[in-house]
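A short write-up of the structure that comes next.
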Amino acid sequence: MAKVIVYPPTSMILSDLVERMGHKALVVPEAVRRLVTANDIDSPPLNVTPEEPKKGLRYAAVDVPSGVRGRMALIGPIIEEAEAAIIAEDPGWLTGCAGCSRTNELVRLLIRTKGVPVLDLSYPTNDVEAKVFVQKIKAFLEGLK
Amino acid sequence: MMLVTKYVITSSESNILPSDIAMKIYGSKYEVNVKETCFGVVINGEEEVINALIKEIRALDPAGIFIKDRGFPPGDPRRCRGRRGGGARPGFYMIESESKMLPMISRALAWEGDIPAIPEKKKPLPIKRLEEIVKEGLS
C-alpha cells in the first residue's frame, strides 16, 4: 500500500479512486481533523496556533502571504509523506472564497520536485474521457508497490 | 481511539438514496453518528468501525457510491450553516462541482469493455492553410 497525494488535495473523486484500489490517499481533511478535534485545544475554535505559520515557513518565505504559509502548514507535511502523486489539471474551481491560486502552484511545484511518480490528468468532460481517466488511474496505482 | 468523519456521496444516477444508506446504518451493529444530507450522508465514529462500515456501504452500489474524508464532525457549530446564519459551508462547492461528474465516473468504473481511444480535438486552422484558401478564393 502506497501513500498517494492527490491534487486537488480535497478531491472526492481522486481520493475515492485511490482508496478503492487499496492505497492510502493523503488529503487535507485529515490534517484539518487533527487540528479541530484535538482534545487539548490551544486556540479555539480552529486550534490554529503560532506554530502553524512556523510550519508553513518550511515551504514558503516569510514575505509570502500568511494565507499561503497557513495552507502549507497543512499541505506541506502531507507532501513530505507522499510516495506517489496524482495531479488533476486545475478545472477552474480551485480558487475563490476558500481557495488560493499561489498555494496551488506551490503545491504542484513541491510535488513535482519531490521526485515521486506523478500521474498527470485532466478532469473528464464526457464518457470516453471518463473511461480513460479511470483506466489511467487504475494502471498507475497497480504499478505502485 | 481516534474519531473520524467521512462523507458518503451517491451518484445522481445511482439507485441508492441517502435515506437507504442511513437506514442501512441504523440497522447495522455499528455505533456511529449519521447525518443525512441532500447528496449522501455524513458518518462519524471510531476509525476501525467506520472503515468496516464503509465496506458494507460500498457493497450497496460499488460504482455509484463515493467516500470522502471530512475534517469537522457532523453538525459542528464551526461549520454547520444553521449556526452560521445560512449559506453553503466552505468545501461544499468542491463536492458540488465533482458531484456533476460522478455519473460519468460511475459508468467508467462499471465499464468492463475495451478502453476507447479519445478522438483528437479539432485543431484551429493553420494560418498558412487560411492564406492558401484566401488566395484560392481571390484568384
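Only the coordinates and a few stated rules stand behind these numbers; no lab work does. Owing to the predicted nature of the structure, the values given are computational and were not obtained by experimental measurement. As a convention, Cβ positions derive from the backbone with ideal geometry for all residues, glycine included, and neighbour counts pool all protein chains shown.
Observations
- Mean residue ellipticity (222 nm) of the protein assembly as shown, computed from DSSP H runs ≥ 4 via -39,500 (n - 2.57), nearest 500: -13000 deg cm²/dmol
- Prolate/oblate/rounded label for region A:25-75 (Cα gyration tensor, a/c 1.5): oblate
- Virtual paramagnetic centre 7 Å along Cα→Cβ of A:SER122, amide N under 14 Å, in region A:47-90: A:88-90
- Centre separation in Å (Cα based) which lies between region B:89-110 and region A:108-123: 22
- Full extension of the chain between A:LEU109 and A:GLU51 gives 18.5 nm of extra length, using 0.36 nm per residue less the Cα-Cα distance.
- Magnitude of the charge dipole, region A:21-127, Cβ model with Lys/Arg +1 and Asp/Glu -1, debye to 20: 220
- Long pairs among A:LYS136/B:LYS122; A:LYS114/A:LYS138; A:LYS55/A:LYS114; A:LYS136/B:LYS55; A:LYS3/B:LYS68; A:LYS138/B:LYS123, criterion Cα-Cα beyond 20 Å: A:LYS136/B:LYS122; A:LYS114/A:LYS138; A:LYS136/B:LYS55; A:LYS138/B:LYS123
- Counting only other chain Cβ atoms within 10 Å of each residue's Cβ, the peptide A:123-136 averages 6.
- Region B:3-110: C-alpha gyration tensor shape, a/c 1.5 cut-off, then a/b vs b/c: oblate
- Take A:72-82, A:49-59 and order them by the average number of nearby Cβ atoms within 10 Å per residue, most first; the result is A:72-82, A:49-59.
- Prolate/oblate/rounded call for the protein assembly as shown, Cα gyration tensor, a/c under 1.5 rounded: oblate
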